[in-house]
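One structure below.
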Amino acid sequence: MEYTRHDLAQAVLDAHPDSKRGLDMFRGGFSDDMKAHQVRLRDGLLKAFGIDLKADMALFMMLRATLDSNAAVRGPMSTFGEAGLLLRKLEGTGVLDRVNQIGELNVRSRELHFEIVEELIGLMGPTVEKVTSEDLKAMHVDDTPPNPDDYEIDY
């Protein structure tokens, strides 16, 4: 696989402790393993790209604030794993239309957060344009994510 700064920006966002991207609440143990993978990938990519996040404290502070802000983007239904009964109660009330509007705004908000992170990483002076899986393996970083099929479904 080949990684660009675009991929590095996504890895930095994913590794935030409160990011839920890529996690699966229905597979016991998977989310913990996926989060550990996301952190390893972020750290490996930062090293491979030659970026020290703390080299410029002003940029680092802005990056941290952006990551925290992105992780806080939520909607009223974001904590429901199964909401069938609630959805039936809300049908026809207009609540679901507003929830959907919030969801659309949240998608745009996450896109803008991503753009900020990508630009900040560019300002942090990456030393290469691309990194490969082979580059990471040479640094003893395995970029293979956990396979959800290896985990039992836990309702």
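The values are calculated or read from the model by the stated rules, or taken from the named source; none is laboratory data. Predicted model, so just to flag it, every value in this text is computed and none were measured. Glycine also receives a Cβ, built like all others from the backbone with ideal geometry; neighbour counts cover every protein chain displayed.
Can you say whether residue 136 is at pLDDT 95 or above and under 19 Å from the mean Cα position of the chain (by Cα), as far as the supplied structure shows? Considered against the rule, which asks whether it is at pLDDT 95 or above and under 19 Å from the mean Cα position of the chain (by Cα), residue 136 comes out as no. Among the residues making up region 63-98, those that are of a type in the set (Asp, Glu) and assigned to a helix (DSSP H, G or I) are 68, 97.
Just a yes or no: is a residue in region 44-62 in contact with a His (Cβ under 6 Å, 6 or more places away or on another chain), assigned to a helix (DSSP H, G or I) and within 30 Å of residue 142 (Cβ to Cβ)? Scanning region 44-62 turns up no residue that is in contact with a His (Cβ under 6 Å, 6 or more places away or on another chain), assigned to a helix (DSSP H, G or I) and within 30 Å of residue 142 (Cβ to Cβ). The residue that is surrounded by the fewest Cβ atoms within 10 Å (Cβ to Cβ), counting only those in region 19-63 that are over 18 Å from the mean Cα position of the chain (by Cα) and within 18 Å of residue 134 (Cα to Cα), is 50.
Cβ separations smaller than 8 Å between residues 6+ apart or across chains give the following pairs from region 97-114 residues that are more than 9 Å from residue 75 (Cβ to Cβ) to residues that are exposed (fewer than 15 other Cβ atoms within 10 Å of the Cβ) and not hydrophobic (A, V, I, L, M, F, W, C): 113/69. Of all residues in region 101-122, those satisfying the criterion of being within 16 Å of the chain's Cα centre (by Cα) and of a type in the set (S, T, N, Q) are 106, 109. When the residues of region 64-88 are filtered to those that are among the β-branched types (Val, Ile, Thr) and in contact (Cβ under 8 Å) with a residue 40 or more places away in the chain, the one that is surrounded by the most Cβ atoms within 10 Å (Cβ to Cβ) is 66.
Each residue in region 8-56 was checked for being of a type in the set (D, E, K, R), touching a helix residue (DSSP H, G or I) at 6+ places or on another chain (Cβ under 7 Å) and farther than 28 Å from residue 80 by Cβ, and 2 of them qualify.
Between 121, 102, the distinction of being in a helix (DSSP H, G or I), more than 22 Å from residue 10 (Cα to Cα) and modelled with pLDDT of 95 or more belongs to 102 only.
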